[in-house]
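Data first, discussion second: the structure below is written as structure tokens.
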Amino acid sequence: MSTIDNKTTTAADEVVYEGSSLELEGVTLAYGDVEVVRNVSLKVAPGTTTCVIGPSGSGKSTLLRGINRLHEPKSGDVRVAGRSVLKDKPDELRRRIGMVFQHFNLFPDHTALENVALAPWKVKGQSKAQARQVAEDRLREVGLGERMDHRPRDLSGGQQQRVAIARALAMHPEVMLFDEATSALDPELVKGVLRLMADLCQRGMTMVVVTHEMGFARKVADQVVFMDEGEVVEAGTPDDIFDNPQSDRLRTFLSEVL
Amino acid sequence: MEFLDNLGRTFFDVEAMAEVLPHLLQTGLVNTLVLSISATIIGVVVGMVLAVLGISPVRWVRAPARIYTDIFRGLPEILTILLIGQGFYWLSQDLFGPSPYPLGIIALSLISSAYIGEIFRSGIQSVEKGQMEACRALGMSYGRAMALVVVPQGVRRVLPALVNQFISIVKASSLVYFLGLMVGERELFRVGQDAAVLTGNLSPLVLAGIFYLIITVPLTHLVNFIDQRFRTGRRKPTGPTSGLKEVTELEDKKAVGTAS
Ligand SMILES: Nc1ncnc2c1ncn2[C@@H]1O[C@H](COP(=O)(O)OP(=O)(O)OP(=O)(O)O)[C@@H](O)[C@H]1O
Ligand SMILES: [Mg+2]
């Protein structure tokens, strides 16, 4: 395979990512007149992982969708690699930002390989052979080299989610967004996916991870953000957030989930 | 006994049937199939356009598709066929010559496209929202996501309904006889009917009916078959698997495994 964009291959299978920085400044997102995310500012340094925690309905998913403009911000600014992206074409922005969903959203009538190769081929305009090569590499990277020709329904939930991660990685994103990537998985399958996410983090990907897995947030995150009622209530290192919560809301939340 | 004889003579007069058989085969069957298949093909094309317009987020794009669909689904087939077939005769004469046959196809297509459009629309709308979302998140445009991912899935789901629609069209095609087709253009019903009137015996119509059944009954069963097939599908035998192996799977396949 070739060395492409922001990713270099050092050894046979060892991929190093060069994630970009991500900054949100006063981002507000609304459904109609209801602002469900208010004035959120956030800095994610290149190659670091930020975990977003908070109670259900606090606006975590909406915030993530605001970053790649699946939900257009009402106000505020989003910067990737230091440059505002709100004036770019949304489709072009989304090619630079990978997203992983709670329910995988794999294409059911495509094989794992086709799932991963589709966007490089049809969106990036790579040749079929190139796209296939990229897809094979990414699937091996997520441990599914033996399962490339399986359709999603012939894979476990954990394997499906890893295909979904490979699918996002195949576009060589600068930032990866995860929305409760393990919430729909059986307990014994969670670990494989979290392990993969931790790998990506280690290898330099910039990630924003919405999660209920406090263990993961504590161990892997460089920064933890606690949201409630559409606002960032507290942000800091995992130690700050978990061992030294400042607000009552965070303390209540932690006492309920830990 | 007499009753049975009567029954036999009225409905199953072999001689009368044998006489009309070649005509039914060469003219009736061919025309029925030509009418139904063309109306279905046009119906599929127009129906797909209607379906895609019908789910547009833009109201003014949706509205015409809705109105078209409401009209041609809401009118009795015979009324549409007569209105189109006779009402546009002057136009069709210039375009296609004196035969009402093309207008028959157009009328049937208007009807079938309205139904097929609804079938496609329901199929497309039954595809989980997450599919479109995943496409958009990968940087695909709305149109591309529709064409590559959403529409194919939707269409697969409604294949049985499409076959059923074809069966309806086959039956509805008999109604074009109202337009007064020329001898060589007559479809099954009209050929059978002509022969029945001529012989004063219903057997030719019964034979025409048998031809309809030969077309429709196997299709009905095909529907059940593909319905099954698409529901269960062909699966790749994987053998028993263990979720506990998933972490190992990651380690086996790649050199990097430094985290956590
Ligand atoms: N399509 C929608 N229309 C209107 N309101 C919505 C819509 N989707 C979400 N909301 C509201 O926006 C708020 C934030 O929702 P969001 O899904 O971002 O929360 P979340 O933190 O991701 O919750 P969860 O942990 O349950 O996923 C909620 O109050 C929700 O009711
Ligand atoms: Mg959510």
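The values are calculated or read from the model by the stated rules, or taken from the named source; none is laboratory data. Not measured: the values here are computed from a predicted model. Neighbour counts are summed over all protein chains in view; Cβ atoms, including those assigned to glycine, are modelled from backbone coordinates with ideal geometry. The area values use the complete protein model at the heavy-atom level, side chains included, leaving out ligands, DNA and RNA. Shrake-Rupley method; radii C 1.70, N 1.55, O 1.52, S 1.80 Å.
Over chain A, Cα pairs under 8 Å with separation of 6+ residues give a relative contact order of 26 percent. For the Cα atoms of chain A, what angle does the longest principal axis make with the long axis of helix A:157-169, in degrees from 0 to 90, nearest 10? Between helix and principal axis, roughly 80 degrees. Between B and A, roughly 3800 Å² of accessible area is buried in total, ligands, DNA and RNA not counted and the probe set to 1.4 Å.
Lysine pair count for chain A (Cα-Cα distance under 17 Å; residues 8 or more apart in sequence or on different chains): 7. Expressed as a whole percent, the accessible surface of chain B that belongs to carbon and sulfur atoms is 66, based on a 1.4 Å probe.
Coupling constants for segment A:134-146 follow from the phi torsions by the Karplus curve (6.51 cos²θ - 1.76 cosθ + 1.60, θ = phi - 60°), and in residue order they are 4, 5, 4, 4, 5, 5, 4, 4, 9, x, 10, x, 8 Hz; glycine and proline get x.
The calculated 222 nm mean residue ellipticity attributable to helices in chain A amounts to -10500 deg cm²/dmol, summing -39500 (n - 2.57) over DSSP H runs of n ≥ 4 and dividing by all residues. Amide H to amide H distances under 5 Å link residue A:21 with A:81, A:82, where only residues 5 or more positions off or on other chains count and H is placed in the peptide plane.
For the peptide A:185-198, the mean number of other protein chain Cβ atoms found within 10 angstrom of a residue's Cβ is 4.
Of all beta bridges that DSSP places with both ends in the protein assembly as shown, some 60 percent have antiparallel geometry. Annotation: amide H of residue A:52 within the under-5 Å range of A:209, A:210, A:211, A:225, sequence separation 5 or more or interchain, hydrogens built in the peptide plane. For the protein assembly as shown, what class follows from the C-alpha gyration tensor (a ≥ b ≥ c being the square roots of its eigenvalues): rounded when a/c is under 1.5, otherwise prolate if a/b is larger than b/c, else oblate? Here the protein assembly as shown falls in the prolate category.
What segment B:47-91 shows is 61 Å² of accessible area per residue, with the surface traced by a 1.4 Å probe over protein heavy atoms. Under 10 Å, Cα contacts only: if you run a Gaussian network model on chain B, which one of B:107, B:196, B:39 comes out with the highest mean-square fluctuation? Top of the fluctuation ranking is B:196. Ligands, DNA and RNA left out, the 1.4 Å accessible surface of segment A:18-173 is 46% carbon and sulfur atoms.
Roughly how many whole Å is it from the C-alpha centroid of segment B:167-231 to that of segment B:67-117? What the calculation gives is 19 Å, centre to centre. The angle between the Cα long axis of helix B:59-74 and the main principal axis of chain B comes to about 30°, on a 0 to 90 degree scale. Between residue B:129 and residue A:188, the modelled label-to-label distance comes to 3.4 nm, taking each label 7 Å out from Cα in the direction of the beta carbon.
Under 1.5 on a/c is rounded, so check that first for segment B:38-188, then, if it is not, pick prolate when a/b is larger than b/c and oblate when it is not; a ≥ b ≥ c are the square roots of the alpha carbon gyration tensor eigenvalues. It is prolate, given that a/c is not under 1.5 and a/b is the larger ratio. 3J(HN,Hα) along segment A:120-126: x, 6, 8, 9, 7, x, 6 Hz, from the Karplus curve 6.51 cos²θ - 1.76 cosθ + 1.60 with θ = phi - 60°, whole Hz, x for Gly and Pro. Segment A:18-73 and segment A:166-209 have Cα centres lying 17 Å from one another. Over segment A:196-239, what is the relative contact order in whole percent, taking alpha-carbon pairs under 8 Å and six or more residues apart? About 28 percent, as a whole number. Among A:99, A:171, A:214, the largest mean-square fluctuation in a Gaussian network model of chain A, built with springs joining Cα atoms closer than 10 Å, belongs to A:214. Between the amide H of residue A:100 and those of A:177, A:178, A:179, distances stay under 5 Å, these residues lying 5 or more places away or on another chain, with hydrogens modeled in the peptide plane.
Take chain A and mark each of the GluC sites (Glu not before Pro) that is in a DSSP loop with at most 15 other Cβ atoms within 10 Å; the longest unmarked stretch, sites excluded, is A:15-228.
Which whole-number percent is the relative contact order of segment A:15-160 (Cα, under 8 Å, 6+ apart)? Over segment A:15-160, the number comes to 19 percent. Taking a Cβ cut-off of under 13 Å around residue B:215, the surrounding Lys, Arg, Asp and Glu residues balance to a net charge of 0, with basic ones at +1 and acidic ones at -1.
For the residues of A:96-108, the average number of beta carbons from a partner chain within 10 Å of their own beta carbon is 4. The GNM of chain B, with springs linking C-alpha atoms under 10 angstrom apart, assigns the highest mean-square fluctuation among B:175, B:53, B:138 to B:138. Counting lysine pairs in chain B whose alpha carbons fall under 22 angstrom apart, excluding pairs fewer than 8 residues apart on the same chain, gives 4. For segment A:120-258, the square roots of the Cα gyration tensor eigenvalues, ordered a ≥ b ≥ c, give a/c of at least 1.5 with a/b greater than b/c, which places it in the prolate category. In chain B, the calculated helix contribution to ellipticity at 222 nm averages -23000 deg cm²/dmol per residue, counting -39,500 (n - 2.57) for every DSSP H run with n ≥ 4.
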